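First comes the structure, then the notes that go with it.
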Amino acid sequence: MFFLKNRKYNYHKYSIILLERSDILKSKLNKISKIIINNFNWILLFIIIVVILRMIIVFLKDYILKIDINFYNFIVNNIRNESLTKIMMVITILGGGKVILLSSLILFVIIKNKKIGLYICANPIIVTIINQVLKGIVGRKRPNQFFLIIEKGFSFPSGHSMVSTAFYGLIIYLLYNYCKNKKIKYMLITPLIILIPLIMFSRIYLGVHYLSDVIAGFLISVVYLILYIKLINKNILKGGKINLKD
């Protein structure tokens, strides 16, 4: 009898645990479904753009655009010099994974609102994953002549272009909307706005990307950033102002 009672008790206990876990799972699934429904138009737009890019790149995979060749040759023959190369080496590092990851962690520590800090840290990780998926789909080879540094992996879209646009773009957005001191705001925003196209240019200058690689990376990141900012505003802003000091 004791064994049967104990068995019934355990069964009842496990049933309660399973019900609680199923309720938590349902709650999380409902939240995810609401996010998808609320952002359906933007998600659909992103999918359409990716599909169109895929259709275009099917034709470009083994064919380099004339403008890519002309722009690449123009830089090699008319712009490259020792002094500028040193500058471009530094600029391209500012768009690299190590610098951006370190910057994300520093911002996470500095910003008192840890929810914003987490979104800043997650941002470059998410966009890097998207970039690697797209590179695998497209499979476009990098330039094989006149390169000044060696990079592994495929060329399209540019990872530096995508990650720097997403990371610095988000910082620009947050500063513009929530930094109260106008002088500090524009002192920080102006160099960041200039930095993004400089990083893009550095990738072509150093011979590891074509013009279409960096432009595509920029445009894809802009679409991604619109969605990401909307997600931040939905989950953290909630109709009010983000307080970076909270």
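Can you tell which of Ile189, Ile171 is within 16 Å of the chain's Cα centre (by Cα) and outside any loop (DSSP other than H, G, I, E, B)?
After applying the criteria, what remains is Ile171.
Would you check if Ile199 is under 27 Å from Phe74 (Cβ atoms), buried (at least 20 other Cβ atoms within 10 Å of the Cβ), of a type in the set (A, V, I, L, M) and at pLDDT 90 or above? The answer is yes for Ile199. Looking only at residues in segment 136-156 that are surrounded by fewer than 20 Cβ atoms within 10 Å (Cβ to Cβ) and not in a loop (DSSP other than H, G, I, E, B), the one that is modelled with the lowest pLDDT is Ile137. Tell me whether segment 232-239 contains one or more residues that are at pLDDT below 90, among the small types (Gly, Ala, Ser) and in a helix (DSSP H, G or I). For segment 232-239, residues at pLDDT below 90, among the small types (Gly, Ala, Ser) and in a helix (DSSP H, G or I): absent. Of the residues making up segment 11-24, one or more are of a type in the set (Lys, Arg), more than 25 Å from Val127 (Cβ to Cβ), surrounded by 10 or more Cβ atoms within 10 Å (Cβ to Cβ) and modelled with pLDDT under 60. The C-beta contact set for segment 85-106 (first residue more than 14 Å from Ser164 (Cβ to Cβ) and among the polar types (S, T, N, Q), second residue outside any helix (DSSP H, G or I) and modelled with pLDDT under 90, distance under 7 angstrom, 6+ apart or interchain) comprises Thr85/Leu148. Considering segment 97-132, and only residues there that are among the small types (Gly, Ala, Ser) and at pLDDT 85 or above, the residue that is surrounded by the fewest Cβ atoms within 10 Å (Cβ to Cβ) turns out to be Ala122.
Selection over segment 73-84 of residues that are in a helix (DSSP H, G or I) and either in contact with a Ser or Thr (Cβ under 9 Å, 6 or more places away or on another chain) or free of Cβ contacts under 8 Å to residues at least 60 places away in the same chain (or both) gives a count of 6.
The values are calculated or read from the model by the stated rules, or taken from the named source; none is laboratory data. Model, not experiment: these values are computed from the prediction. In this analysis, Cβ positions are derived from the backbone assuming ideal geometry, glycine residues included, and neighbour counts consider all displayed protein chains.
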